[in-house]
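The values are calculated or read from the model by the stated rules, or taken from the named source; none is laboratory data. Quantities reported herein were computed from a predicted structural model and do not represent experimental measurements. Glycine also receives a Cβ, built like all others from the backbone with ideal geometry; neighbour counts cover every protein chain displayed. Side chains are part of the model used for accessible areas, which takes the heavy atoms of the whole protein and leaves out ligands, DNA and RNA. Shrake-Rupley method; radii C 1.70, N 1.55, O 1.52, S 1.80 Å.
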Amino acid sequence: MSGELPPNINIQEPRWDQSTFVGRASHFFTVTDPRNLLLTNQQLEDARKTVHDYRQGVVPPGLTENELWRAKYIYDSAFHPDTGEKMVLIGRMSAQVPMNMTITGCMMTFYRTTPAVLFWQWINQSFNAVVNYTNRSGDAPLTVSELGTAYVSATTGAVATALGLNALTKHVSPLIGRFVPFAAVAAANCINIPLMRQRELKVGIPVTDENGTRLGESAQAAQQAIAQVVVSRILMAAPGMAIPPFIMNTLEKKAFLKRFPWMSAPIQVGLVGFCLVFATPLCCALFPQKSSMSVTSLEPELQAKLRESHPELRRVYFNKGL
């Protein structure tokens, strides 16, 4: 790109049209790229400076449009959209594929004994707790007490579900038993995400107009945001936990795995990883990151406030989290 970069490129929004699924998928394939984890702190800080400077109207000499968008996506991959804080490494969406492929692969390999179920469900829910807290919506932090209660409740719920289902499936085919981890993960997501984001349900999340002007906080918006995230997370786990069991069930009857049983876990992890490379960004793209709802669906008191201050307003917008 020749000449000086214009100062009016809207890097507040993603590069691709977020009103379409294809546009959202393109955005999340970039955000969830595991290679973002390899970036150094200096590269992250350089990207943050480029983005902040550009938003202030300062255009570094020689900066191209592609370099600006690259900096924006590096920034988005590592910094929280509401608080601006650098997110913990394993809580970033770019860590989803490598972390989940390892944990899920092991959950689906070591599911036959109670100690193995306890250990891997605990690992999984500990990881989920970090991800859910890191990718919460809004800027109201959980207290240490709330965080501890949410973590213990979510982990207990997931482990109890897995153990209960394991007991029920002892007398059915091994193939059905392989789906126990998925059922436990689905149930745990319904527990873990609302608990780790309970403060949003109590005090609400920031809602804005179309231009990003903050209008107030809404618990109704939080409910919609969390419901969308729960659906996305369950569907995100589905391909990696539903397809490999059929493949592994067939492979374990073959001579190769009977001769090299230790290969079962690496193969399972690889299969899950392949599924997650596509499922993670595609399921993140199911709902717009900048979600919206009608003003008439908000709390009565917030509706009344907005009718007075913004009588023409019909929809409000909010970050649903991931």
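Conditions (1) touching a helix residue (DSSP H, G or I) at 6+ places or on another chain (Cβ under 7 Å); (2) surrounded by 14 or more Cβ atoms within 10 Å (Cβ to Cβ); (3) of a type in the set (S, T, N, Q), marked per residue:
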{"residue": "THR208", "(1), (2), (3)": "no, yes, yes"}
{"residue": "ASN211", "(1), (2), (3)": "no, no, yes"}
{"residue": "ALA219", "(1), (2), (3)": "yes, yes, no"}
{"residue": "ALA222", "(1), (2), (3)": "yes, yes, no"}
{"residue": "ARG233", "(1), (2), (3)": "yes, yes, no"}
{"residue": "ALA237", "(1), (2), (3)": "yes, yes, no"}
{"residue": "THR250", "(1), (2), (3)": "no, no, yes"}
{"residue": "LYS254", "(1), (2), (3)": "no, no, no"}
{"residue": "MET263", "(1), (2), (3)": "yes, no, no"}
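Here is a yes/no grid of residues against (1) at pLDDT below 90; (2) within 30 Å of GLY204 (Cβ to Cβ); (3) assigned by the TED database to the domain that holds VAL207:
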position	(1), (2), (3)
GLU4	yes, no, no
ILE9	yes, no, no
PRO14	yes, yes, no
PHE28	yes, yes, no
VAL31	yes, yes, no
GLY62	yes, no, no
GLU65	yes, no, no
MET101	yes, no, yes
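Taking the residues in segment 275-313 that are closer than 13 Å to GLN18 by Cα and in a loop (DSSP other than H, G, I, E, B) as candidates, determine which candidate is least open to solvent (accessible area, probe 1.4 Å).
Residue satisfying both the conditions and the ranking: ALA285.
May I ask you to list the residues in segment 74-98 that are among the hydroxyl-bearing types (Ser, Thr, Tyr) and open to solvent by less than 10 Å² (accessible area, probe 1.4 Å)?
Scanning segment 74-98 gives SER77, SER94.
Looking at ARG24, is it of a type outside the set (Phe, Trp, Tyr), touching a helix residue (DSSP H, G or I) at 6+ places or on another chain (Cβ under 8 Å) and open to solvent by less than 30 Å² (accessible area, probe 1.4 Å)?
The answer is yes for ARG24.
Looking at THR64, THR102, THR113, which is the one that is over 30 Å from VAL159 (Cα atoms), open to solvent by 20 Å² or more (accessible area, probe 1.4 Å) and of a type outside the set (A, V, I, L, M, F, W, C)?
THR64
Which pairs have Cβ atoms under 9 Å, sit 6 or more apart or on different chains, and link a residue in segment 207-227 that is closer than 13 Å to LEU302 by Cβ and not assigned by the TED database to the domain that holds SER291 to one that is part of a helix (DSSP H, G or I) and of a type outside the set (A, V, I, L, M, F, W, C)?
Sorted first by the residue in segment 207-227, then by its partner, the list stays empty.
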